[in-house]
Structure formats: structure tokens, C-alpha cells
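What follows is one structure encoded as C-alpha cells, with my remarks underneath.
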Amino acid sequence: MQEITVLDGLFKILFAVRQVPGMFLRKKSIFYLENFICGLSTGFTLDGQQNHQLKQELEILHQFDLFLQQKYFYGSALNCYSDLYFYSDKNEETAFDLFFQELEIYLNQNTVSE
């Protein structure tokens, strides 16, 4: 995977959401975050057909999703957001925080940040 700066594009937006979730999501919730990310991903996919940077960021996000599914999989057919929710004792805020803790770890291990 080619190196990217995590201060750009998609990840810049995600870390802004982390700082002020109420501004972007109305409340701090893993499921509101999931819907937000799905919307961003769809928009970026439609808009970024020729944008190599966006393609890289979406691929990193996809690989992160697979990483979370492997780490927190509970044997169900649920996605990583639901797995984080159940892992966090069904607390949406705790799962939201866990998502970003894991994202920081993943990005530090798999990309370059400036």
C-alpha cells in the first residue's frame, strides 16, 4: 500500500468528527458514525473516480474495517460497528471512542501521518 498523509481528505474529516461529534452526527454514537462514513464513502466513490488519493483512502478504510471485524468478531454476521457496540457493553459512546482509538493504532501501523 502506498503511503498517504492522514491529515488529508477522508481521514481529516473523520478526525474532525471525533473532535465535535455533535456538529456532524447530532450525538456521539457508533451507529451515527457508521451512517456518516457510509455516506462519505458513497459520495467519495462517486466523486473520486479519477482521484487516486481518494481511492487510496477508501481502500485504507476498507482494510481498517476488515481489521476491526477480525479483532472484534463475535461470530455473528454483523459489521464492525455492531461488533464494537457489543464489545463496548452496548454503549454507543464507548464504541465510538473505541473506533477512533483503533483507527489511530491502525493508521500509525499502516500509513504515514504528518
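The values are calculated or read from the model by the stated rules, or taken from the named source; none is laboratory data. Keep in mind that this is a model prediction, so the values were computed, not measured. Glycine gets a Cβ as well: all are built from the backbone with ideal geometry, and neighbour counts include every protein chain shown. For accessibility, only protein heavy atoms count, side chains too; no ligands or nucleic acids. Shrake-Rupley method; radii C 1.70, N 1.55, O 1.52, S 1.80 Å.
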- Note on the structure: Residues of region 13-49 being closer than 15 Å to F100 by Cβ, free of Cβ contacts under 8 Å to residues at least 60 places away in the same chain and polar (S, T, N, Q), in sequence order, are Q19
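Looking only at region 87-108, which residues are in a loop (DSSP other than H, G, I, E, B) and open to solvent by 60 Å² or more (accessible area, probe 1.4 Å)?
Scanning region 87-108 gives D89, K90, N91.
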- Message: If I go through region 89-108 residue by residue, how many of them are hydroxyl-bearing (S, T, Y) and without any contact (Cβ under 8 Å) to a residue 12 or more places away in the chain?
- Response: 1
